[in-house]
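The values are calculated or read from the model by the stated rules, or taken from the named source; none is laboratory data. Since the structure is predicted, the reported quantities are computational estimates derived from the model, not experimental observations. Methodologically, a virtual Cβ is constructed for each residue, glycine included, from the backbone with ideal geometry; neighbour enumeration extends over all protein chains shown. Note: accessible area is taken over every heavy atom of the protein model, side chains too, but ligands, DNA and RNA are not part of it. Shrake-Rupley method; radii C 1.70, N 1.55, O 1.52, S 1.80 Å.
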Amino acid sequence: MPGLIETYLLEKIKAEGSIHITLVDPEKITPPQASRVAENSKASGTAAIMIGGSTFVSQAHLDDVVKAIKRTVDLPTILFPNNVTGISRYADAIWFMSLLNSVDPYFLIGAQILGAPLVKKYGLEPISMGYIIVGEGGTASIVGKAIPVPYNKPELAAAHALAGKYLGMRFIYLEGGSGAKDPVPPEMIRTVKHFVELPLIVGGGIRTKEQALTAASAGADIIVTGNLIENTDAKQKVSEIVNGIKGIKP
Ligand code: 1GP
């Protein structure tokens, strides 16, 4: 049985088509800034706030960022951990994820074994997700010891996603890497969606309404943007993306 947050996401996608989620990197932000970002993102129509980054952040700071967001908006908060240290008791849910193209068993199952008891203890809703780093991959790929799937090998990305599906994962994330020069190409999104028919998350390097629309039209159910919140016109940009992808039924 899917939990509350997973049900919320699935129903929103069913009702509205592709949706947008704002990613907050706790390393780059103070709690008051996180509040402002959450407030602006909510006003722009984002569906939820994801909290996580690729590098280390103190758990106390992560807790403060999550608490600040929770105090400000009633949007679901979903952790996006790069390690066991990315777990906060104050969030609503956690992408319980495995980096499917890592060569290090720690990122495939090791960190998950260490983190699972904490997820249970804190009552976080685990949402099972297969994470695949593609293209240039960025910091996430270095930290997670992944062999990124090249953009011109969509069938390889699909094979990873299908393996995730057969292992029971309920969402697939195609990650182009935060700040990627080029977002995940539509051909790769289309191929993966066609193969697995699971809710598909796409992120990394999406900066414009046109890029978001291209990804949504190709089959992305959830568009994630992170870096965009650092722009002065972030509120406007997120709003354009949310409105641009609304009604697109992947
Ligand atoms: C990174 O996919 C996300 O994990 C978002 O990427 O920061 O480039 O929007 P950006």
Taking the highest mean first, how do the peptides 44-51, 55-62 order by number of other beta carbon atoms within 10 angstrom per residue? 44-51, 55-62
For the chain, report the accessible area per residue in Å² (1.4 Å probe, heavy atoms, rounded to an integer). 44
Residue 10-residue 182 FRET efficiency (beta carbon distance; Förster radius 22 Å; 0.05 resolution): 0.15
Using the alpha carbon gyration tensor of region 176-250, what are the three equivalent-ellipsoid semi-axes (square root of 5 times each eigenvalue), largest first, in whole Å? 21, 14, 9
Charge tally for neighbours of residue 234 with beta carbon under 15 Å away, counting Lys, Arg as +1 and Asp, Glu as -1, is +2
Residues meeting the amide H criterion for residue 48 (H placed from the backbone, H to H distance under 5 Å, 5 or more places apart or on another chain) are 22
Counting DSSP beta bridges with both ends in the chain, the antiparallel % (nearest 5): 5
How far is the Cα center of region 162-215 from the Cα center of region 1-62, in Å? 17
Whole-number percent relative contact order across region 78-229, with pairs defined as alpha carbons under 8 Å at least 6 apart: 19
Under a plain spin-label model, where a point goes 7 Å from the Cα along Cα-to-Cβ, how far apart in nm are residue 103 and residue 208? 3.6
